[in-house]
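Colleague: Below is the structure I would like to discuss, written out as structure tokens.
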Amino acid sequence: MTIIEDYVSSRSEIKSYLASALSENFEKQKVNTSLVDEVKSLILSQDICLVSHYYVDPLIQKITEDTGGFVGDSLEMARFGASRDSRNLIVCGVSFMGETAKILSPEKLVWMPTLEATCSLDLGCSEKEFKKFCDSNPGRTVVVYANTSAAVKAMADWVVTSSMAVDLVEYLTTRNESIIWAPDRYLGRYVKNLTGADMLIWDGACVVHEEFRINDLEQIKKLWPEAGLLVHPESPEEMIQVADAVGSTSQLILAAEKLPHNTFIVATDKGIFYKMQQKVPSKRLIAAPTRGEGGTCQSCAHCPWMSMNNLDRLKNLLINWPIYCQVKVNSELARKALIPLQRMLNF
Ligand code: CIZ
């Protein structure tokens, strides 16, 4: 076996990743089926709506589906949560997702298995520093990505997700608006290249997507020359330039269904393979490499904060409802952040 074949079979073959993350391999994973059943019945016996992001561990996504909840991107999660009557909305994802859900459903009790699950984009764009950036560049329309705190959203004119960023910036450009963009620089540059917009871009990045590298990709392409490449726009330009499809999580899943390829190399968080494989059961999915040969990855294509949404923490929440798991957003901040969020929803 060559080094690259070994890499692909041991690390990137998604079917075995999913198998070990799901019930087929509970023993190996030391996940005990009675704990899963207990968590499911705790959900079903209480007034709960559970929503999970594509990037959380497959087991949590499966529990979400099995109990009538919803798996999707941050916007879809918040929309689904807001459309349900349940008093308790549990968000398995990262903190900005919990905040957005609370802002859109202020009357609900919003919970997360841990509020410590954050995001490198959110961490890298503090309220104080971002305010300085905006103040020193007056007259620009402030567009922030969903992956920001409520405090940063409260300073923005618009919030966007990666699925609608290009369309919104195109629209602003037709109105001759110049833009402040935050926090992801790769997504920002991607949007700027496509639209030609006048954008000042904050210097943030996602720890998962930033690690995708083209070197090993070329090796993998030698093994599967017919493979299509699906790339999230938070990834480096070198990946975006050679992609067959670039898009948000939901758009990449759609691309896997629509494109004719039978094999895809996928550059986004590994958690997505659970839903993607469901949609294209007969296609081969391969995780894009995260470093040059011989390197060691830090995130290894899976967000360390997303994986904090584990079974033990979920069970603890469902039994104890600890106050430290409840999402609270200051009401004045929520009022301000709702304005650009609402604009996004109406766009
Ligand atoms: O907004 C989301 O859910 C994220 C983090 C990514 C995406 O592309 O959907």
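Bear in mind these aren't lab numbers, they're just calculated from the coordinates by the rules spelled out. Values in this document were obtained by computation on a predicted structure and should not be read as measured data. Positions of Cβ are backbone-derived with ideal geometry, glycine not excepted, and every protein chain shown enters the neighbour counts.
Colleague: Note down the nm distance, to one decimal, between modelled labels 7 Å out along Cα→Cβ at L35 and at Q342.
Modeller: Taking the simple label geometry, L35 and Q342 are separated by 4.4 nm.
Colleague: Going by a ≥ b ≥ c, the root eigenvalues of the Cα gyration tensor, does region 258-347 fall in the rounded group (a/c under 1.5), the prolate group (a/b larger than b/c) or the oblate group?
Modeller: Working: a/c = 2.04, a/b = 1.54, b/c = 1.33.
In terms of gyration-tensor shape, prolate.
Colleague: Now for a separate question. Enumerate the calculated ³J(HN,Hα) couplings along region 38-52 in order (Karplus 6.51 cos²θ - 1.76 cosθ + 1.60, θ = phi - 60°), each rounded to whole Hz, writing x wherever the residue is Gly or Pro.
Modeller: 5, 4, 4, 6, 5, 5, 5, 8, 10, 7, 10, 10, 10, 10, 9
Colleague: Which value at 222 nm does the chain reach when only helices count, each DSSP H run of 4 or more adding -39,500 (n - 2.57), with the total divided by all residues and rounded to the nearest 500 deg cm²/dmol? Kindly include the intermediate steps, with their values, before the conclusion.
Modeller: On the way: 18 runs with 154 residues, N = 347.
Dividing the helical sum by the residues of the chain leaves -12500 deg cm²/dmol.
Colleague: Using modelled backbone amide H atoms (1.01 Å from N, in-plane), which distant-in-sequence or interchain residues come within less than 5 Å of L285's amide H?
Modeller: Close amide H contacts, sequence-distant or interchain: I14, K15, F264.
Colleague: So what is the relative contact order of region 138-233, in percent, for Cα pairs below 8 Å that sit 6 or more residues apart?
Modeller: Working: 116 pairs, mean separation 23.0, N = 96.
With pairs under 8 Å counted, the relative contact order is 24 percent.
Colleague: Still on this structure: On full extension of the chain, what length is gained from E238 through S282, given 0.36 nm per residue of separation minus the C-alpha to C-alpha distance? Mind showing how you got there, number by number?
Modeller: Numbers: separation 44, 0.36 × 44 = 15.84 nm, distance 2.88 nm.
Residue separation times 0.36 nm, minus the Cα-Cα distance, leaves 13.0 nm.
Colleague: Same structure, new question: Below 16 Å, Cα to Cα, which aspartates and glutamates can K270 reach? Residues fewer than 8 away in the same chain don't count.
Modeller: Qualifying aspartates and glutamates at Cα under 16 Å: E13, D57, D73, E210, E211, E234.
Colleague: Note the full-extension length gain between R291 and E257 as 0.36 nm times their separation in residues minus their Cα-Cα distance, in nm to one decimal.
Modeller: Taking 0.36 nm per residue and subtracting the Cα distance, the gain is 9.5 nm.
Colleague: Among K40/K102; K279/K315; K221/K283; K108/K315, which pairs are too far apart, with a Cα-Cα distance over 25 Å?
Modeller: Details: K40/K102 23 Å; K279/K315 29 Å; K221/K283 16 Å; K108/K315 20 Å.
The answer is K279/K315.
Colleague: If you don't mind, there's one more thing I want to ask. Can you figure out the FRET efficiency of I323 with R87, using R₀ = 25 Å and their beta-carbon distance, to the nearest 0.05?
Modeller: Working: r = 16 Å, r/R0 = 0.64.
Using R0 = 25 Å, I get an efficiency of 0.95.
Colleague: So who's got an amide H within less than 5 Å of the one on V160, skipping anything under 5 residues away but keeping other chains? H placed 1.01 Å off N, in plane.
Modeller: HN-HN under 5 Å from V160: V144, Y145, A146.
Colleague: Non-local amide H neighbours of S178 (under 5 Å, H modeled in plane, Pro and chain starts lacking H): which ones?
Modeller: Hits under the 5 Å cutoff: T141.
Colleague: Would you kindly enumerate the cysteines in the chain that have no other Cys beta-carbon under 4.7 Å from their beta-carbon?
Modeller: Within the chain, the cysteines lacking a partner Cβ under 4.7 Å are C49, C92, C119, C125, C134, C206, C303, C325.
Colleague: Sticking with this structure for a sec: Decide, for the chain, between rounded, prolate and oblate: order the square roots of the alpha carbon gyration tensor eigenvalues as a ≥ b ≥ c, take rounded if a/c falls under 1.5, and otherwise choose prolate if a/b is larger than b/c, else oblate. Each step should come with its number before you reach the end.
Modeller: Details: a/c = 1.88, a/b = 1.06, b/c = 1.78.
Note, shape of the chain comes out oblate.
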